[in-house]
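Novice: My structure is below; once you've seen it, I'll send some questions.
A short reminder: the numbers here are calculations on the coordinates, not readings from a lab. For clarity, every value in this text was computed on a predicted model and none was experimentally measured. As a convention, Cβ positions derive from the backbone with ideal geometry for all residues, glycine included, and neighbour counts pool all protein chains shown.
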């Protein structure tokens, strides 16, 4: 579904990505792991079109490197950003509807019910201001808002950040359900062990370069990965 070759990006004169090659197949969960500053978030931003980049990005056999962020959403690439970034004064329902701004009323209503089915904890707070939700509920809302756009490829940036272990387990269970629904996922996650445990494949990034790739189980068993990212 996604094929990236030679992707480069930076901030001014400071390079952040040095020729990234990777791919995501249909219905596949791919994890990106690496230390802070490795370029993981920059890579997701480059793929969603909000970070300028050069290189080849092929999505479903179409070259999209020149596409705007809005056009990439229309193609089916949707990002759930780091830090949740919900619209605090707006209600849960309105936050979700913003994710479906490109779609018709009937489609939006069906998607709302799907999201509330995935996240029952949100269903009782439809009219509540998003800024008053707990951290876990806000993360569910951020993922739900992304799902309202009906992604074919969902880019997830640090979904477990700042959450208690019980809520992390809930978020990862939801991610697995999304994969079962045939949504392709590219997951950036500091909790490398949890991410690789559910990933079909993974990539290890260091200073803007892919230094290792393999199945989730292969990377979990790799001595270097275990030492650097799992504390083992």
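Novice: What distance in nm separates the two pseudo spin-label positions at residue 91 and residue 62, each 7 Å out from Cα along the beta-carbon direction?
Specialist: Between residue 91 and residue 62, the simple spin-label model gives 3.4 nm.
Novice: If you don't mind, there's one more thing I want to ask. Based on alpha-carbon centroids, what's the gap between the range 17-57 and the range 125-197 in Å, whole number please?
Specialist: If we compute the Cα centre of each part, the gap is 18 Å.
Novice: Ignoring everything except DSSP H segments at least 4 long, calculate the 222 nm mean residue ellipticity for the chain; use -39,500 (n - 2.57) per segment, divide by total residues, nearest 500. Each step should come with its number before you reach the end.
Specialist: Details: 10 runs with 90 residues, N = 232.
Rounded to the nearest 500, the figure is -11000 deg cm²/dmol.
Novice: Here is a follow-up. Given a Förster radius of 41 Å and the C-beta distance between residue 207 and residue 126 as r, what FRET efficiency does 1/(1 + (r/R0)^6) yield to the nearest 0.05?
Specialist: Numbers: r = 44 Å, r/R0 = 1.07.
So the FRET efficiency works out to roughly 0.40.
Novice: Still on this model: Which angle from 0 to 90°, rounded to the nearest 10, does the C-alpha axis of helix 165-180 make with the longest principal axis of the chain?
Specialist: Here the helix axis deviates by roughly 90 degrees.
Novice: Among bridges DSSP assigns within the chain, what percent are antiparallel (round to 5)? Before the final figure, lay out the partial values.
Specialist: On the way: 23 of 40 bridges.
Expressed as a percentage, antiparallel bridges in the chain total about 60.
Novice: Starting from the 7 Å offset along Cα-to-Cβ, what nm value, one decimal, do you get for the label separation of residue 98 and residue 21?
Specialist: Here the modelled spin labels are 4.0 nm apart.
Novice: So, one more: Which FRET efficiency, nearest 0.05, do residue 218 and residue 50 yield, Cβ-Cβ r, R0 41 Å?
Specialist: Values: r = 32 Å, r/R0 = 0.77.
Working from the Cβ atoms, E equals 0.80.
Novice: What order do you get for 149-161, 8-20 when each peptide is scored by the mean count of other beta carbon atoms within 10 Å, highest first? It would help to have the intermediate numbers written out before the result.
Specialist: Numbers: 149-161: 21.8, 8-20: 14.9.
Averaged packing, sorted descending, gives the order 149-161, 8-20.
Novice: For the range 2-229, what's the relative contact order in percent, using C-alpha pairs closer than 8 Å and at least 6 residues apart? Don't skip to the end; give the middle numbers.
Specialist: Numbers: 430 pairs, mean separation 66.0, N = 228.
Contact order relative to length: 29 percent.
Novice: Which peptide among 101-111, 33-43 comes first, and what is the full order, when sorted by highest mean count of other Cβ atoms within 10 Å?
Specialist: Values: 101-111: 12.6, 33-43: 20.7.
By packing density, highest mean first, the sequence is 33-43, 101-111.
Novice: Can you sort 203, 116 by how many other beta carbons sit within 10 Å, fewest first? Please report the intermediate quantities before stating the final value.
Specialist: Numbers: 203 23, 116 19.
Ascending Cβ contact count within 10 Å gives the list 116, 203.
Novice: Could you work out how far helix 135-147 tilts from the main Cα principal axis of the chain, as a 0 to 90 degree angle to the nearest 10?
Specialist: 90
Novice: Residue separation times 0.36 nm, minus the C-alpha to C-alpha distance between residue 70 and residue 176: what's the value? Numbers along the way, then the final one.
Specialist: Values: separation 106, 0.36 × 106 = 38.16 nm, distance 2.66 nm.
Additional length available on full extension: 35.5 nm.
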